[in-house]
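One structure below.
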Amino acid sequence: MDKTFHIVTFGCQMNVGDSDWLARALISRGWRQVPEEDAWLFVVNTCSVRDKPEQKVYSELGRLASAYTRGGKGKPGLTAAVGGCVAQQIGRGFFERFPFVRLVFGSDGIAGAPDALDRLADDPGERIALLDFLTAYPEREDVLTLSTPAPVPAFDADAGEPEAVAEGHPAQAFVNIMQGCDNFCAYCIVPYTRGRQKSRAPGAVLAECRTRVEQGAREITLLGQNVNSYGLDSGGANVTGGVGFAGLLRQVAAIPGLLRLRFTTSHPKDIDPAVIRAFGELENLCPALHLPLQAGSDAVLKRMGRKYDRARYLGIVEALRQARPDIALTTDLIVGFPGETEEDFVQTLEMMELVRFESSFSFRYSDRPGVASLRLRPKVPDEVGQERLLRLQSLQNGITKESLKALEGCETDVLLEAPSRRQDEGAHFWRGRDAGGRVVNVRMGTGLSGLDHSGASLCGRMVRARILEAKNHSLLGEEVGLPW
Ligand code: SAH
Ligand code: SF4
Ligand code: F3S
């Protein structure tokens with residue numbers, strides 16, 4: 001049997017990073033990554049954070065079943081593996097509901113997934129569940145030496161959520177520094193699906209970062225559900241030897257050749273003044289921070305169990321802007337949390353005006369199985385939640401537009417990721433990001449850099465661009481040369 005696979009990824013950057021690793025691990029064992037219609041194995045890496053992404057998983061599996069078993073192409077022995085947060089939540093239930101699902105694995109179990117998939121390929125009768133939580137960070141086999149570029153995420157600025165994995169380039173690397181979460185925010189399923197927080201040893205993080213830079217990575221994003229509490233695991237074992245997140249950040253930033261360093265996600269309650277200072281001190285630490293606020297009313301924040309209030313959040317914002325005046329702040333917001341009144345909601349709008357986030361992901365509150373807020377009353381009616389979401393998003397759209405508009409005429413460094421969807425006659429456009437994380441579509445060929453603008457060779461190149469025009473969620477620029 002030809003070992004071929006296709007991965008579909010839902011959810012956060014942790015999932016994207018996990019899919020990226022799994023693809024590399026399978027390729028290093030002789031598997032081939034192919035388009036869906038040619039694949040023997042489908043891997044669906046799932047997200048359970050709201051009801052909608054969970055439902056998407058079932059519809060994706062249903063779609064695969066009807067496309068490849070009944071009338072469709074009649075693919076013999078349709079085989080799927082389900083990983084990630086819904087897999088952890090539903091577990092072996094997938095085996096009953098979808099007979100062609102033969103492996104389920106959670107985020108701790110993924111380390112064993114490549115071996116398990118080899119076994120499934122050899123033994124058509126086998127089914128495997130890898131759902132145990134571990135007490136220490138599960139180091140995975142080192143598959144970094146692979147030369148094939150693995151996929152990295154492409155964020156669709158207009159959709160507000162990561163797209164399924166797009167074609168990537170090795171100049172951008174995502175490196176896990178922890179797994180799981182100890183916070184148990186009242187609405188959140190993540191601590192149940194990813195388990196307790198387990199920090200990864202700093203030596204392992206640094207080794208992976210160094211290797212990625214040696215292989216051509218110019219930008220590294222350190223990943224965790226709450227990176228600010230790195231090293232503060234409740235589970236006891238302190239594998240970091242007293243190195244906190246600020247210390248780790250400094251060590252990674254010092255890797256020669258690393259041009260850009262980012263991290264996500266940051267819980268405001270744990271942010272260390274040393275991390276805030278780092279924005280003013282570390283040259284390659286990008287002036288961008290995703291700092292989820294969730295709600296603007298102290299009463300709602302309290303019921304959510306977030307452990308900060310408006311004043312504390314605003315204090316952090318002020319300190320960040322003092323350290324790095326051009327820092328681009330983005331956030332996550334939930335509307336319609338149980339008990340949220342119109343007055344509470346207006347305070348969220350107010351916070352949005354006060355902080356002036358460059359962009360935000362905003363969500364309708366969604367009940368999740370087992371979380372504390374399930375029991376909170378009163379629930380906010382759907383139409384009220386929907387109306388609040390629209391008001392919030394319309395305010396954000398205005399602020400986003402104004403903040404992008406302010407950049408017209410400026411010059412900025414753009415790390416190129418892929419050819420743009422936009423391609424005008426006679427001009428090549430490449431999509432990339434500035435240091436603040438804004439998407440910039442760059443018209444190539446007008447500058448001095450002398451690069452071959454047509455080929456794939458531009459992936460991972462940094463160019464200097466002048467911003468010509470602010471679009472709704474991105475910038476349009478023209479190349480004016482190389483940044484150095
Ligand atoms: N660890 C990150 C976020 C992980 S989940 C953090 O703490 O910031 C990503 C986002 O999904 C959250 O920030 C929150 O805004 C949203 N979210 C989580 N649970 C939700 C729920 N039950 N309903 C609606 N949105 C939710
Ligand atoms: Fe969920 Fe809160 Fe943990 Fe974020 S910090 S993953 S919102 S429990
Ligand atoms: Fe979703 Fe799990 Fe990430 S619930 S947001 S894939 S941690």
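Among Lys269, Lys379, Lys307, Lys302, the order of accessible area from largest down is Lys302, Lys307, Lys379, Lys269, computed with a 1.4 Å probe on protein heavy atoms.
Across the protein chains, with a 1.4 Å probe defining accessible surface, the residues His6, His267 rank His6, His267 from largest area downward. The packing ranking, built from the mean of other Cβ atoms within 10 Å per residue, places the peptides 393-399, 243-249 in the order 243-249, 393-399, highest first.
Could you do me a favour and compute the accessible area per residue for the chain, 1.4 Å probe, result in Å²?
Ligands and nucleic acids excluded, the figure is 41 Å² per residue.
Using a 4.7 Å Cβ-Cβ cutoff, the cysteines of the chain lacking any partner cysteine are Cys12, Cys47, Cys85, Cys181, Cys209, Cys286, Cys410, Cys459. Here Asn397 and Ala201 are evaluated by their C-beta separation; at R0 = 56 Å the FRET efficiency comes out at 0.85. Put simply, when 285-297, 465-477 are sorted by average Cβ atoms within 10 angstrom per residue, most first, you get 285-297, 465-477.
Each semi-axis of the equivalent ellipsoid for the chain is √(5λ) with λ an eigenvalue of the Cα gyration tensor; in descending order they amount to 33, 30, 24 Å. Rolled with a 1.4 Å probe across the full set of protein chains, the surface gives Ser234 an accessible area near 80 Å². Label separation (Val480 vs Glu387): 4.8 nm, computed from points 7 Å beyond Cα along the C-beta direction.
Share of the range 306-370's accessible area from carbon and sulfur, percent, 1.4 Å? Whole-percent figure for carbon plus sulfur exposure: 53. Between Leu314 and Gln215, the modelled label-to-label distance comes to 4.6 nm, taking each label 7 Å out from Cα in the direction of the beta carbon.
What is the antiparallel percent of DSSP beta bridges lying wholly in the chain, to the nearest 5? Counting only bridges with both partners in the chain, antiparallel ones make up about 35 percent. Computed over the chain, relative contact order equals 10 percent, with contacts defined as Cα pairs under 8 Å that lie 6+ residues apart. Protection proxy ranking of 324-334, 132-142, by the mean of other Cβ atoms within 10 Å over each peptide's residues and highest first, is 324-334, 132-142.
In a fully extended conformation the segment linking Asp332 and Ser59 would gain 95.7 nm over its present Cα-Cα distance, using 0.36 nm per residue.
The slack in the chain from Thr135 to Glu469, taken as 0.36 nm per residue of separation less the alpha-carbon distance, amounts to 115.2 nm. For the range 201-258, the equivalent ellipsoid derived from the Cα gyration tensor has semi-axes of 22, 11, 10 Å, listed largest first. Subtracting the Cα-Cα distance of Val34 and Phe361 from 0.36 nm times their residue separation leaves 114.5 nm of extension gain.
Summary value for the range 1-138: 21 percent relative contact order, contacts being C-alpha pairs under 8 angstrom separated by 6+ residues. Our helix-only sum for the chain, with -39,500 (n - 2.57) per DSSP H run of n ≥ 4 divided by its residues, gives a mean residue ellipticity at 222 nm of -9500 deg cm²/dmol.
Label-to-label distance for Glu96 and Ala427 is 5.9 nm, based on points extended 7 Å past Cα in the beta-carbon direction.
Measuring only protein heavy atoms, the 1.4 Å probe finds Thr240 accessible over about 10 Å². Once neighbouring chains are kept in place and the probe is 1.4 Å, which whole percent of the accessible area of the range 196-302 is contributed by carbon and sulfur? Within the range 196-302, the accessible surface is 52 percent carbon and sulfur. Surface listing: Glu383, Glu54, Glu281 arranged by accessible area from highest to lowest gives Glu383, Glu281, Glu54, probe 1.4 Å.
The values are calculated or read from the model by the stated rules, or taken from the named source; none is laboratory data. Because the structure is predicted, anything quoted here is derived from the model rather than measured. As a convention, Cβ positions derive from the backbone with ideal geometry for all residues, glycine included, and neighbour counts pool all protein chains shown. What goes into the accessible areas is simple: the full protein's heavy atoms, side chains included, and nothing from ligands, DNA or RNA. Shrake-Rupley method; radii C 1.70, N 1.55, O 1.52, S 1.80 Å.
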